[in-house]
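Asker: Take a look at this one; I'll ask things after.
Read-outs: derived from the displayed coordinates by stated rules, not from any lab. Not measured: the values here are computed from a predicted model. Cβ: placed from backbone, ideal geometry, glycine included. Neighbour counts: every protein chain shown.
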């Protein structure tokens, strides 16, 4: 089993984009490592305060926001798209919030619906417009799993429509402030509002090229949150305390709602993948966008986690987070069912 230093060695070479790794054990941060550059052009190193684009790790924040609205009885998981968007085509009557949360809506991939000649960044509202133009779904809603970024863009719009707040205001009030995640921010077009920002990079022709934004980088619901290692080490509290969600809502989020195509016995809850690994109950998710790979890996019964944030293309962030957990956490933890 490689050590954490060996796992992240490629990120610590001279003049290359880097990564930030944090380990939370029994609810407390116990280790953090930062290596490489957040900004190669200006020679700025990665730190625990560097804000990375989380990409699809964002989806768990959106799912928690929806659960808060369910708990407040402002919406139901069985409410349909047609309730929130009356001008949506008739097939919206068959797509529930539950189906959006679990990637079982059957909605077409909005990325494939965008005109090839489009260069301007699309926003969540633009995703809604694209989906409104479709005459149906890829399969009957609720019948199978198919990962849908567009579904989470619609969930973001539902949060704003129901709450009467911007997504920034809602997440700040109900998620980030209760946990002290003071630097976590929503990305708006071109990410010009993000301080301490890591810039994404890709390796091309033996050098690192800045590849920070593309035409899908301005959507919010499916991947638009930026956060730092310092903040993300606080986020696992959402899974084992009442600071953000009640136990009833946490159990609903972590229920194995639908079998995915991500691997044997991997299920999707609300905004997280779920499985057993080395006898442990795991929730995890990866994030990938142009120039970024991120991953979060939660050992639920131990109230522990690994956070991996990087500003470069490469190996899947969720796999790196799992490898780090295997290297420094799982083997040293006692069986939770064995008394000491």
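Asker: Would you order 147, 99 from fewest to most other beta-carbon atoms within 10 Å of each residue's own beta-carbon?
Answerer: Placing the least packed residue first, the sequence is 147, 99.
Asker: Most exposed first by the Cβ proxy, i.e. fewest other Cβ within 10 Å, how do 235, 208 rank?
Answerer: 208, 235
Asker: Among 160, 264, 322, which one shows the highest mean-square fluctuation when the chain is modelled as a Gaussian network with alpha-carbon springs under 10 Å?
Answerer: 264
Asker: Classify segment 172-264: rounded, prolate or oblate, from the alpha-carbon gyration tensor (a ≥ b ≥ c, eigenvalue square roots; a/c under 1.5 rounded; otherwise prolate if a/b is larger than b/c)?
Answerer: The shape class here is oblate.
Asker: When the helix-only estimate is applied to the chain (DSSP H runs of n ≥ 4, each -39,500 (n - 2.57), divided by the residue count), what is the mean residue ellipticity at 222 nm, nearest 500 deg cm²/dmol?
Answerer: On the way: 12 runs with 86 residues, N = 340.
It lands at -6500 deg cm²/dmol.
Asker: Further question on the same structure: With r as the distance between the Cβ atoms of residue 32 and residue 188 and R0 = 25 Å, compute the FRET efficiency 1/(1 + (r/R0)^6) and round to 0.05.
Answerer: Details: r = 28 Å, r/R0 = 1.12.
Approximately 0.35, to the nearest 0.05.
Asker: Here is a further query. For the chain, set up a Gaussian network in which alpha carbons nearer than 10 Å are linked by springs, and say which option among 31, 104, 246 fluctuates the most.
Answerer: Looking only at 31, 104, 246, the biggest GNM fluctuation is shown by 31.
Asker: Then there's this: Under the √(5λ) rule applied to the eigenvalues of the Cα gyration tensor, what semi-axes describe the equivalent ellipsoid of segment 187-340? Give them in Å, descending.
Answerer: For segment 187-340, the semi-axes come out at 30, 18, 15 Å.
Asker: For the chain, modelled as a Gaussian network with Cα springs under 10 Å, which listed residue fluctuates most, 178, 140, 86?
Answerer: Answer for the Gaussian network model of the chain: 86.
Asker: For 129, 205, 124, 276, what ranking results if the residue with the fewest other Cβ atoms within 10 Å of its Cβ goes first?
Answerer: Result, fewest neighbours first: 205, 276, 129, 124.
Asker: Measure off 7 Å from each Cα along the Cα-to-Cβ vector at residue 76 and residue 301, then give the distance between these two points in nanometres to one decimal.
Answerer: It is 3.5 nm.
Asker: I've got another one for you. Once you order the gyration tensor axes a ≥ b ≥ c over the Cα atoms, which shape class does segment 111-212 get: rounded for a/c under 1.5, otherwise prolate or oblate by comparing a/b with b/c? Please report the intermediate quantities before stating the final value.
Answerer: Numbers: a/c = 1.94, a/b = 1.08, b/c = 1.79.
Verdict is oblate for segment 111-212.
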